[in-house]
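Only one structure is covered here, and it is reproduced in the block below.
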Amino acid sequence: MEDKLNFMQQRRDIIIQGGGDQRIEDQHQKGKQTARERLEQFLDPGSFVEVGTFVQGGLEDASTMDIPLPGEGVVTGYGTVDGRLIYLFAQDFTVSGGSLGEMHAAKICRVMDLAAQNGAPFIGINDSGGARIQEGVMSLDGYGNIFYRNTVNSGVIPQISVIMGPSAGGAVYSPALTDFIFMVDDTSYMFITGPAVIKAVTGEDVSAGKLGGAAIHNDTSGVAHFRAKDEQECLTMLKTLLSYLPSNNLDSAPAVDPVEPSIPADDLADIVPADANRPYDVVDVIKRIVDGSEFFQVQQHFAKNAVVGFARLNGKTVGIIANQAKFLAGCLDINSSDKIARFVRFCDCFNIPLVTFVDVPGYLPGVHQEYGGIIRHGAKILYAYSEATVPQISVILRKAYGGAYIAMNCKSLGADFAFAWPTAEIAVMGPEGAINIINRREIEKAENPNEERKKKVDEYRTKFANPYIAAARGWIDDVIDPRDTRRQLIMALDSLKNKHEDRPRKKHGNFPV
Ligand code: HXC
């Protein structure tokens, strides 16, 4: 027995050592941790249980210590975060650059299946050169098996990708199929074809960071959802995200003790300027309403004209969506439509109620937007809200004009309750645009066209740009004092906690993409 125990331990030690001291040192030199160090830092102390430790490709003689690719370049298993079960993998760049071969993929698929069967979140820590070139089509089959599971498990368990090194070629598509992507400044990058191929094909000269670094995918492409300055901050942010999420689609997000906002709501009525053309920061509004004034933004750096993220009301997770008047006057455009629709759909998958704060002048006009397909992209918001069956509440702070009024979860799109602040302006279009159409002739004929225009704008604003016409039809349930918003939301959410809605049976809808 002693011999066999020693033999087992020797094999295990080789596997735990990964690519060996020099490659581990190289990894540290790049500012990266090893796969096992990352797992240790992320999970509750002592909670990690490895699954598939001895998995190895091509082993026909187990009498030797010949293990060319220890662990097949990936560590897989389960553990807990804040006491909650998580299944996960961490790719080991010290072994063949974390490249994905047949058995590497099989190890990942095994924990994906376990995560889905046991209703626990699935997390992938990616650090890989992509398909293992030597394994050819077997690597491609491995990717296919992972993509298939990502898709089947979508909406069943939260799936989260953390990019902590290269993610090149096909390696980008499993993350892209998951719910959220985290990236780390300077050390992580994602691209389909790298700088060398781009140079050869298009002649463009671009560095890996400029092509697919954390800043690019968080600010410009919208591929990633979170950006951290280093690995430690990244894993801390990941834990914060998990704290807002249920473990699966049949569960509720964990409730915590309710706390009042740490920023009092006394000045809430003064944050939104009376002048409808003046900007403000909608995050200042949100922080005065939610528990502890804590708002965890998703895609904070992308499509800044919309704000989405998680917060708590009375201790329970809510998904918050808001127009951000500070950028593009809060208009909806192609990117903000994608951002809002994806977030709404995530929340709906996982029983997270939606609270929408509206101050939107409309969809962004322009040739660039039309050519880019604002019709197709804008439709995503309409679809996502209409499809959602979780409790939905909207609060109109100021402007709610035209198609954008509908898109931001008006009652006809499925909001259970709609409230308006007294400053709300709900109409088919803003006063300036409207009088240029309906009063054009009178203005042209007037002795002083500017004065006439101003008079008509004022008349329009008094007559139409208020919440009472919508409230008279019941499309607004109440016009409320801004300082009372938190209480109204908490009571409304409580009244909706058993909401249940049946829809016609179908295979699935055809979401506009
Ligand atoms: C096999 C690989 C590998 C790969 C890296 N390695 N990528 N082995 N297959 N795809 C190995 C290297 O040979 C090296 O082994 C070790 O990993 C570390 O790699 P280095 O190049 O020394 O490291 P570094 O300088 O940090 O560069 C990392 C890298 C580079 C940028 C990721 O290795 C690289 O460009 N790799 C190829 C990336 C790529 O084109 N992938 C796409 C594959 S096709 P030794 O033994 O020397 O330590 C694909 C399509 C799938 O993914 C489609 C599915 C739908």
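Derivation of every value follows stated rules applied to the coordinates shown; laboratory data play no part. Just so you know, these numbers come straight off a predicted model, no measurement behind them. Please note: Cβ atoms are built from the backbone with ideal geometry, for glycine as well, and neighbour counts cover all protein chains shown.
Within segment 179-194, find all residues whose amide N lies under 19 Å from a label point positioned 7 Å from the Cα of GLN232 along Cα-to-beta-carbon.
Of the residues in segment 179-194, 183-188 have backbone N under 19 Å from the label point off GLN232.
Could you pull out every one of the lysines with an alpha carbon less than 26 Å from that of LYS454, ignoring same-chain neighbours closer than 8 positions?
By straight Cα distance, LYS454 reaches LYS326, LYS399, LYS445, LYS463.
Compare the Cα positions of GLY194, TRP421, GLY124 along the charge dipole of the chain (+1 at Cβ of Lys, Arg; -1 at Cβ of Asp, Glu; about the Cα centre) and return the one farthest towards the positive end.
In the chain, that residue is TRP421.
Could you tell me what % of all Cα pairs in segment 416-491 have separations over 15 Å? Don't skip to the answer; put the middle values down first.
On the way: 1721 of 2850 pairs.
So the pairs more than 15 Å apart make up 60 percent of the total in segment 416-491.
What does the extension gain come out to for GLU40 and ASP494, with contour length at 0.36 nm per residue minus their alpha carbon separation?
Numbers: separation 454, 0.36 × 454 = 163.44 nm, distance 3.90 nm.
So the chain would gain 159.5 nm between GLU40 and ASP494.
Relative contact order for segment 149-258 using alpha-carbon pairs under 8 Å, separation at least 6, rounded to a whole percent? Spell out each step's value before the answer.
Numbers: 164 pairs, mean separation 27.8, N = 110.
About 25 percent, as a whole number.
If you find the alpha carbon centre of segment 226-258 and of segment 71-97, how far apart are they in angstrom?
The two parts, judged by their Cα centres, are 18 Å apart.
At what distance in nm do the modelled label points of GLU442 and PHE147 sit from each other, each positioned 7 Å from its Cα along Cα→Cβ?
Distance between label points: 6.0 nm.
Expressed as a whole number of Å, what is the distance separating the alpha-carbon centroids of segment 410-424 and segment 25-64?
What the calculation gives is 51 Å, centre to centre.
With a cut-off of 8 Å between alpha carbons and a minimum separation of six or more residues, what is the relative contact order of segment 347-415 in percent? All intermediate terms of the calculation are to be shown ahead of the outcome.
Details: 91 pairs, mean separation 33.1, N = 69.
Rounded, it is 48 percent for segment 347-415.
List the GluC sites (Glu not before Pro) within segment 143-252 that DSSP assigns to loop and that have no more than 14 neighbouring Cβ atoms inside 10 Å. Don't skip to the answer; put the middle values down first.
Working: sites: GLU204, GLU231, GLU233; in loops: GLU204.
When the GluC sites (Glu not before Pro) of segment 143-252 are filtered for loop state and at most 14 Cβ neighbours within 10 Å, GLU204 remain.
Need the C-alpha centroid separation for segment 475-513 versus segment 163-177, integer Å.
35 Å
Hey, got the dipole for segment 182-235? About the Cα centre, +1 on K and R Cβ, -1 on D and E Cβ, debye to the nearest 20? Intermediate results must be reported in sequence, preceding the final value.
Numbers: 4 positive and 8 negative charges, 38 e Å.
Dipole magnitude for segment 182-235 comes out near 180 debye.
Can you pull out the GluC sites (Glu not before Pro) in segment 393-458 whose DSSP state is coil and whose Cβ has at most 10 other Cβ atoms within 10 Å?
Taking segment 393-458 and a limit of 10 other Cβ atoms within 10 Å, the loop GluC sites (Glu not before Pro) found are GLU447.
Using DSSP to define loop residues, name the trypsin sites (Lys or Arg not before Pro) in segment 414-508 whose beta-carbon has at most 12 other beta-carbon atoms within 10 Å.
On the way: sites: ARG440, ARG441, LYS445, ARG453, LYS454, LYS455, LYS456, ARG461, LYS463, ARG473, ARG483, ARG486, ARG487, LYS497, LYS499, ARG505, LYS506, LYS507; in loops: ARG473, LYS497, LYS499, ARG505, LYS506, LYS507.
Answer by residue number: ARG473, LYS497, ARG505, LYS506, LYS507.
Based on alpha-carbon atoms only, what is the radius of gyration of segment 180-222 relative to the globular estimate 2.2 N^0.38 Å? Working shown, then result.
Working: Rg = 10.7 Å, N = 43, 2.2 N^0.38 = 9.2 Å.
Cα-based Rg divided by the globular estimate yields 1.16.
When you have a sec, figure out the Kirkwood radius of segment 119-270 from all distinct Cα pair distances and drop it here in Å to one decimal?
Working: mean 1/r = 0.0576 Å⁻¹.
After inverting the pairwise mean of 1/r, the radius is 17.4 Å.
Jot down the radius of gyration and Dmax of segment 309-398, Cα atoms only, both in angstrom.
Computed over the Cα atoms of segment 309-398, radius of gyration and Dmax are 13.4, 45 Å.
For a bin width of 10 Å, list the pair-distance distribution of the chain built from all Cα-Cα distances, rounded to whole %.
Spelled out bin by bin, the chain gives 4, 17, 26, 22, 15, 9, 4, 2, 1, 0, 0 percent.
Jot down the per residue volume, in cubic angstrom and as a whole number, of the convex hull over the alpha-carbon atoms of segment 367-409.
Values: hull volume 3.1 nm³, N = 43.
Output value, Cα hull per residue: 71 Å³.
Using a Debye calculation, one point per C-alpha and no hydration shell, please list log10 I(q)/I(0) for segment 333-384 at q = 0.23 Å⁻¹ in order.
Results for segment 333-384 at q = 0.23 Å⁻¹ read -0.87.
Tell me, what is a quarter of the convex hull surface for the C-alpha atoms of segment 298-349, in nm² with one decimal?
Working: hull surface 14.5 nm².
Computed as one quarter of the Cα hull surface, the answer is 3.6 nm².
Please work out how much length the chain gains when fully extended from ARG376 to ASP478, using 0.36 nm per residue of separation minus the C-alpha to C-alpha distance, in nm with one decimal. If you can, show how the numbers build up before the last one.
Details: separation 102, 0.36 × 102 = 36.72 nm, distance 3.28 nm.
That pair, ARG376 and ASP478, stretches by 33.4 nm at full extension.
Suppose R0 equals 45 Å. What FRET efficiency, 1/(1 + (r/R0)^6) with r the Cβ-Cβ distance, do ILE67 and ARG505 give to the nearest 0.05? All intermediate terms of the calculation are to be shown ahead of the outcome.
Working: r = 52 Å, r/R0 = 1.15.
Plugging the Cβ-Cβ distance into 1/(1 + (r/R0)^6) gives 0.30.
Rounded to the nearest 20 debye, what is the charge dipole size of segment 345-429 about its Cα centre when +1 sits on each Lys and Arg Cβ and -1 on each Asp and Glu Cβ?
80 debye
Extension gain LYS304-MET138, at 0.36 nm per residue separation less the Cα-Cα distance, in nm? Intermediate values should be presented prior to the final figure.
Numbers: separation 166, 0.36 × 166 = 59.76 nm, distance 4.17 nm.
Computed gain between LYS304 and MET138 is 55.6 nm.
When ranked by the protection proxy of mean other Cβ atoms within 10 Å per residue, highest first, what sequence do the peptides 4-13, 166-175 form?
Numbers: 4-13: 11.6, 166-175: 22.8.
Ranking, from highest mean packing down: 166-175, 4-13.
What ranking do 255-266, 381-392 get when scored by the average of other Cβ atoms within 10 Å per residue, highest first? Show your work: numbers first, answer last.
Details: 255-266: 13.2, 381-392: 21.1.
Ranking the peptides 255-266, 381-392 by packing returns 381-392, 255-266.
Per residue and in Å³, how big is the convex hull formed by the alpha-carbon atoms of segment 15-73?
96 Å³
Counting pairwise Cα distances across segment 254-306, what percent come out greater than 12 angstrom?
Of all Cα-Cα distances in segment 254-306, 70 percent exceed 12 Å.
Sorted from largest down, give the three principal axis spans of the alpha carbons of segment 359-513, whole angstrom values.
Between the extreme Cα coordinates on each principal axis of segment 359-513 lie 61, 41, 22 Å.
Name the residues of segment 404-445 whose amide N is less than 20 Å from a point 7 angstrom out from the Cα of GLU459 along the C-beta direction?
426-445
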